[in-house]
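**Q** Dumping the structure here so I can ask a few things about it.
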Amino acid sequence: HQARRPTGRERGPDAVVESILDFAAELRAYGERRFGEPAAAAGVAVPGIVDAEHGTAVYAANLGWRDVPLRALLSERLGGIPVALGHDVRTGGLAEGRIGAGLGADRFLFVPLGTGIAGAIGIGGTVEAGAHGFAGEIGHIVVRPGGTPCPCRQRGCLERYASAAAVSEAWAAASGDPEADAADCAKAVESGDPRAREVWQIAVDALADGLVTALTLLDPRTLIIGGGLAEAGETLFTPLRDAVRRRVTFQKLPSIVPAALGDTAGCLGAGLLAWDLLTASSAPSTTAASTPTAPTTPEVTT
């Protein structure tokens, strides 16, 4: 069963939280009608800074959240069942690693290229959050020192050159069309437009620099690229693989593959987090091979 609801963020952060709780209650009721009993666990994936251990959505600029005890609120609304809370990118990476493009890889790096650039570090069927929940923020690796200012207060961050938003901005300026976006740029590259090729190559080179830094530190077996920019297919992957290959020296070159799950990754990952809650006490899942391919618990994602 799948259902979608708008967050309604224009109504304010409290209203967004209430919408999520109401949506979860609807899913619980649907489960009772369909299966004769409610879900045994639930998972939720949220953006921003997440304290998964304490179940708190610490901060999300696009939703206006600060220190929302979302796990406790959801558990209360859902009759006291266990609830798992995860960061949206890491949760999506969990799904890609276990049942998507990284299936069978013991170590992977998932990098979605969207409005910004984030990353999920996969190790043995789990995703590493880091000591403070900030692991995988590859978008803020500085690839062009002294370059374009970033909202994080650095200059030259990767996401200012290689995100879908950055390519859209650069192509709109180069083409003279303020409505042009990254998808338009990719089409222009395919048609041989030299301006588009220049914009595209700048993004590919910056992305390759950032990825080589990441693979030098992490040594992943598989590098999974997702997000809007990855929808360009081989228009992105052929030059990107070549650019990464030219840059590696002693490092082992990982497989560089497109994400497989699209915008369902976060929802599927939330379901896997819920599944893990149910299996942790009896048979913890630590490898991709031992993970069920389809959780039976409903999941919630924003």
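The values are calculated or read from the model by the stated rules, or taken from the named source; none is laboratory data. Since the model is a prediction, treat every value here as computed from it, not as a measurement. Every residue, glycine among them, receives a Cβ derived from its backbone with ideal geometry; neighbour counts consider all protein chains shown. Heavy atoms of the whole protein, side chains included, go into the accessibility calculation; ligands, DNA and RNA do not. Shrake-Rupley method; radii C 1.70, N 1.55, O 1.52, S 1.80 Å.
**Q** Pop out the carbon and sulfur fraction of the accessible area of the range 103-259 as a percent, whole number, probe 1.4 Å.
**A** C and S atoms contribute 53 percent here.
**Q** Considering only DSSP beta bridges whose two residues both sit in the chain, what percent are antiparallel, to the nearest 5?
**A** Within the chain, antiparallel bridges account for around 50 percent of the total.
**Q** Something else about it: For the chain, which longest stretch is free of loop sites, where a loop site is one of the chymotrypsin sites (Phe, Trp or Tyr not before Pro) that DSSP puts outside H, G, I, E and B and that has at most 12 other Cβ atoms within 10 Å?
**A** 1-133
**Q** With unit charges on the beta carbons (Lys and Arg positive, Asp and Glu negative) and the dipole taken about the Cα centre of the chain, which residue among PRO178, THR235, VAL58 sits farthest to the positive side?
**A** Highest projection toward the positive end goes to THR235.
**Q** While we're looking at this one, here's another question. Can you classify the range 156-271 as rounded, prolate or oblate using the Cα gyration tensor, where a ≥ b ≥ c are the square roots of its eigenvalues, rounded means a/c under 1.5, and otherwise it's prolate if a/b beats b/c and oblate if not?
**A** Oblate, since a/c reaches 1.5 and b/c is not below a/b.
**Q** Counting other Cβ atoms within 10 Å, which GluC sites (Glu not before Pro) in the range 160-204 have at most 15 and lie in a DSSP loop?
**A** Qualifying residues, ordered by number: GLU179.
**Q** Ignoring ligands, DNA and RNA, what percent of the accessible area of the range 1-96 is carbon or sulfur (1.4 Å)?
**A** Working: 2400 of 4900 Å².
Heavy-atom surface of the range 1-96 belonging to carbon and sulfur, 1.4 Å probe: 49 percent.
**Q** Helix 88-99 versus the longest principal axis of the chain: what angle, 0 to 90°, nearest 10, using Cα atoms?
**A** That works out to roughly 90 degrees.
**Q** How large is the accessible surface per residue of the chain, computed with a 1.4 Å probe and reported in Å² as a whole number?
**A** 48 Å²
**Q** Mean separation of Cα pairs under 8 Å and 6+ residues apart, divided by the residue count of the range 103-259: what relative contact order is that in percent?
**A** Details: 278 pairs, mean separation 37.9, N = 157.
Relative contact order of the range 103-259: 24 percent.
**Q** Determine, from the Cβ-Cβ distance of ALA183 and ARG9 and an R0 of 30 Å, the FRET efficiency 1/(1 + (r/R0)^6), rounded to the nearest 0.05.
**A** On the way: r = 25 Å, r/R0 = 0.82.
For R0 = 30 Å, the calculated efficiency reads 0.75.
**Q** What does the C-alpha gyration tensor say about the overall shape of the range 66-215? Classify as rounded when a/c is under 1.5, otherwise prolate if a/b is larger than b/c, or oblate.
**A** Prolate, since a/c reaches 1.5 and a/b exceeds b/c.
**Q** Assuming R0 = 22 Å, what is the FRET efficiency of ASP106 and GLN2, from their Cβ-Cβ distance, to the nearest 0.05?
**A** 0.15
**Q** Let me ask something else. When a/c is below 1.5 the answer is rounded, else prolate if a/b is larger than b/c, else oblate, so apply that to the chain with a ≥ b ≥ c taken from the square roots of the Cα gyration tensor eigenvalues.
**A** Details: a/c = 2.00, a/b = 1.57, b/c = 1.28.
Note, shape of the chain comes out prolate.
**Q** Next question. Assuming 0.36 nm per residue, please report the length gained on full extension of the stretch GLU37 to GLU198 beyond their Cα-Cα distance. Don't skip to the end; give the middle numbers.
**A** Values: separation 161, 0.36 × 161 = 57.96 nm, distance 5.73 nm.
So the chain would gain 52.2 nm between GLU37 and GLU198.
**Q** Kindly report, to the nearest 10 Å², the accessible surface of LYS252 as traced by a 1.4 Å probe over protein heavy atoms only.
**A** Here the accessible area works out near 150 Å².
**Q** On to the next question. Once the whole set of protein chains is in place, how much accessible area is left on HIS87, using a 1.4 Å probe, in Å² to the nearest 10?
**A** So the heavy atoms of HIS87 present about 20 Å² to solvent.
**Q** Using a Förster radius of 30 Å, what is the FRET efficiency between TYR30 and GLU76 based on their Cβ-Cβ separation? Nearest 0.05, please. Walk me through the numbers before you get to the answer.
**A** Numbers: r = 19 Å, r/R0 = 0.63.
Between TYR30 and GLU76 the formula returns 0.95.
**Q** Turning to a different aspect of this structure: Take every Cα pair under 8 Å in the chain that's 6+ residues apart, average their separations, divide by the length, and report that relative contact order as a whole percent. Could you put the intermediate results ahead of the total?
**A** Numbers: 589 pairs, mean separation 68.2, N = 302.
The value is 23 percent.
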